[in-house]
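Undergrad: Right, I'll just put the structure down here and ask away after.
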Amino acid sequence: MKKTSVKLILSVAAFLGANTWLIMKGASKGAADFFISPVVEETLVFILLQIIVIAVYFIRPLTGWKSRLIYWCISEFLVIATVLFWGVIIVGPIWNTML
C-alpha cells in the first residue's frame, strides 16, 4: 500500500502542476508563448500530464490488482477532470477553434 500511496502522491502532484500552469496562463489572459497558440499549449499540457501518469506507473509497477485498479482509476479521473474542466468547460471546446 505504501508504493500505491507514493504513486498517487506523484500523480496528484502532476495534476496540481498542470492545473497551476493552466491557472497561471489563464491569469495572464491566455497569453501563450510567441510561436505557440493557446490551443496547442493546452493540448501539450494535457498530453504531458497523461505521459507523467503512465511513466509513474511503469517505474516499479504495482503488483496487486487492487493497487493497480486504485491507481489507474484515481489517476485517470484526475486527467479526465483536467481535460474536461480546462478543455471544455472553461475555454469551450478548444479543439473546435483549430478547424
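The values are calculated or read from the model by the stated rules, or taken from the named source; none is laboratory data. The structure displayed is predicted, hence computed values, not measured ones. Surface accessibility is based on the protein's heavy atoms, side chains included, excluding ligands, DNA and RNA. Shrake-Rupley method; radii C 1.70, N 1.55, O 1.52, S 1.80 Å.
Undergrad: Under a 1.4 angstrom probe, counting protein chains only, how are T63, T20 ranked by accessible area, largest first?
TA: T63, T20
Undergrad: Using a 1.4 Å probe on the protein heavy atoms only, what accessible surface does L22 show? Give it in Å² to the nearest 10.
TA: 10
Undergrad: Rounded if a/c is under 1.5, else prolate if a/b beats b/c, else oblate: with a ≥ b ≥ c from the C-alpha gyration tensor eigenvalues square-rooted, which is the stretch 36-81?
TA: Verdict is oblate for the stretch 36-81.
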